Amino acid sequence: MDRDVPALRSLAQTYFDAAYEMDAEKFASIFHSLSSVTKVAEDGNVGVTPIAAWLTAVRNMKAPKQHDFERNDQILSMDIEGELALLRVKLHIPPRSFTDLLSCLRVNGTWKIVQKVMTSTV
């Protein structure tokens with residue numbers, strides 16, 4: 001577990017940097033290829049987006065970095081149990097603030113996000 005905390009902090013930092021830069025390739029480096037993003041959709045139902053489709057959407061988003069928005073990235077909690085970890089993170093992509101639960105698995109010795117569940121507020 002001693003080596004897992006720094007590795008998961010590094011994964012979270014890559015996640016925060018990718019969000020600030022809206023860098024789909026950086027996101028792809030930390031998400032497992034079979035992962036998905038889950039949220040309550042605009043129609044009120046659960047929306048599940050495969051990671052490939054989500055990365056395509058990211059490629060079309062404006063980066064907070066382009067607007068010199070101030071960063072406010074936080075790891076709120078980290079729970080580790082063997083090959084499983086759950087990160088609760090908060091970040092700001094104006095005009096919204098996001099809280100994400102990142103379910104991670106250690107795959108072949110490397111931590112990968114396998115499920116992102118998200119919510120946002122204005």
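Its Cα gyration tensor gives segment 4-121 an equivalent ellipsoid; the semi-axes, largest first and in whole Å, are 21, 17, 14.
Note on residue 14 and residue 2: the model spin-label points, each 7 Å out from Cα along the C-beta direction, lie 2.4 nm apart. Each of 107, 48 has some number of other Cβ atoms within 10 Å of its Cβ, and from fewest to most they run 107, 48.
For the chain, the longest piece that avoids every one of the trypsin sites (Lys or Arg not before Pro) found in DSSP loops with at most 14 other C-beta atoms within 10 Å covers 4-61. Of all the options 76, 105, 87, the one that moves most in a Gaussian network model of the chain with Cα springs shorter than 10 angstrom is 76.
In degrees between 0 and 90, to the nearest 10, how far off the longest principal axis of the chain does helix 4-21 point, with axes built from Cα atoms? Long axis of 4-21 versus the principal axis of the chain: about 20 degrees. Within the listed set 22, 61, 78, the residue fluctuating most in the Gaussian network model of the chain (springs between alpha-carbon atoms under 10 angstrom) is 61. For the residues 35, 77, 97, a GNM of the chain with alpha-carbon springs under 10 Å puts the largest fluctuation on 77.
Stretching the chain fully between residue 39 and residue 65 yields a gain of 6.9 nm (0.36 nm per residue, less the alpha carbon separation).
Every number in this text was worked out from the coordinates using simple rules, so none of it is lab data. Model, not experiment: these values are computed from the prediction. Glycine also receives a Cβ, built like all others from the backbone with ideal geometry; neighbour counts cover every protein chain displayed.
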